[in-house]
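A short write-up of the structure that comes next.
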Amino acid sequence: MTVKISGTGSALPEKTVTNFDMAKLVDTSDEWIRERTGIAERRISTKDTVSTLAAKACQAALENAGASAEEVELIIVATCSPELLLPCCACQVQSVIGAPHAVAFDINAACSGFLFALNTAYAYMNTGLYKNALIVGSEVLSKLVDWSDRSTCVLFGDGAGAAYIQTVKDEEALCENGRHSGIESIVQGSDGSKGMVLSCGERGVSNPFANDSEQPSKYIHMDGQEVYKFATRQVPACISEALNKAGIGVDDVDKFVLHQANVRIIESVAKRLKADISKFPMNLDRVGNMSSATIPVLLDELNRSGQLKRGDRLVLSGFGAGLTYGASVIVW
Ligand code: ACO
């Protein structure tokens, strides 16, 4: 028995905001943003919410897999920017797509969220509790960004991506190249002691008996250099560990699908792994950093443009606020 990704989907808001548009809002330039981040434009929501984007991505993933919402047993939405605290986004999605038999809940592991959702669903499915799952990364970060802070507002975008995963028998997972579709290894980690290098407040302690003068800032705050150091050190280390666990080397990997935070981080990871940068597909120039949505949106682009063949070996790796990080080796 193995767990394979049978379909992918994504949804992006219509509005494109270029670096030139950003330069009209804050003191920045296309040149600065491209050089430091690799981003040229991003999609920004003018009406879509985390749940509407997530539902559209799920419908597209089900269609791509040839599955129906009726048969979905588990929905996990990874998000750090839900429009409602209650109910959770996964329950909103369940209602919109019509998946009455699903158990639905959210997780928040920021930019590692999709990977952690995939691994959580995989763990459930390995116990035999569920046979399939919709896993989603969906974000509307534009509402968490201080649009007067040039050091953060240029980085982020909105969007959602989803994957439909299923347990299949080993013989059904056998690919032409002799590999079996499925998850080969998982590495995950967290370092809460460094949490405040990338933070965004909601509500602090607030009730009639508390002094509520110290409310956390409700906008994203980031120590960019600390995040850079964390990512360029931790991501190659956890990818190497995941490869070791799977008993393979860098050369056995066809594509490294990394969280799309920053082109310089991805280039540095490639260099440290001694892997060819052409194995690191990127779309951050067009969509920016969409936190938990980056990996599934990129996977969907690769899948729909025919760049993934059954039997290809992929490394998925996420890293972000928490701090959280992880890598999984999968065979497509
Ligand atoms: N346009 C023009 N100038 C800017 C901008 C901007 N958008 N943002 C900052 N600056 C200025 C600063 O004010 C500063 O000016 P000063 O020297 O006069 O004080 C100067 O540029 C340098 O600022 P730094 O913050 O030191 O810039 P740095 O070279 O570190 O680049 C960046 C910032 C791109 C965020 C970098 O730290 C980085 O790549 N960090 C990795 C973190 C990251 O990518 N986070 C994404 C989200 S988190 C995640 O997904 C895991």
Mind checking which pairs have a first residue in region 72-86 that is more than 10 Å from A121 (Cα to Cα) and a second that is aromatic (F, W, Y) and surrounded by fewer than 24 Cβ atoms within 10 Å (Cβ to Cβ), Cβ under 6 Å, 6 or more apart or different chains? E73/Y130
Subset of region 282-319, residues at positive phi and either among the acidic types (D, E) or crowded, with 19+ Cβ neighbours inside 10 Å (or both), comes to G288, S291
Check region 263-280 and report whether any residue there is crowded, with 24+ Cβ neighbours inside 10 Å, among the polar types (S, T, N, Q) and at pLDDT 95 or above. no
Which residue pairs have Cβ atoms closer than 8 Å, lie 6 or more positions apart in sequence or on different chains, and pair a first residue in region 261-281 that is on the phi > 0 side of the Ramachandran plot and touching a residue at least 24 places away in the same chain (Cβ under 8 Å) with a second residue that is assigned to a helix (DSSP H, G or I) and more than 15 Å from the ligand (Cβ to nearest atom)? K274/V250
Among the residues of region 11-26, count how many are more than 18 Å from S151 (Cβ to Cβ) and within 14 Å of the ligand (Cβ to nearest atom). 2
Looking across region 284-328 at residues that are in contact with a Lys or Arg (Cβ under 9 Å, 6 or more places away or on another chain) and part of a strand (DSSP E or B), the single one that is farthest from T79 (Cα to Cα) is R313
Do we find that A173 is over 28 Å from the mean Cα position of the chain (by Cα), among the small types (G, A, S) and either under 24 Å from L118 (Cα atoms) or assigned by TED's automatic domain parsing to the domain that holds L323 (or both) in this structure? no
Residue in region 130-172 that is farthest from F105 (Cα to Cα), counting only those that are away from the ligand (no atom under 14 Å from the Cβ) and either without any contact (Cβ under 8 Å) to a residue 40 or more places away in the chain or touching a Phe, Trp or Tyr at 6+ places or on another chain (Cβ under 6 Å) (or both): E171
Selection over region 27-56 where residues are away from the ligand (no atom under 12 Å from the Cβ) and assigned to a helix (DSSP H, G or I) yields a count of 7
On the basis of being within 14 Å of the ligand (Cβ to nearest atom), outside any loop (DSSP other than H, G, I, E, B) and modelled with pLDDT of 95 or more, does Q234 make the cut? yes
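The values are calculated or read from the model by the stated rules, or taken from the named source; none is laboratory data. Nothing here was measured: the structure is a model prediction, and the numbers come from that model. Glycine gets a Cβ as well: all are built from the backbone with ideal geometry, and neighbour counts include every protein chain shown.
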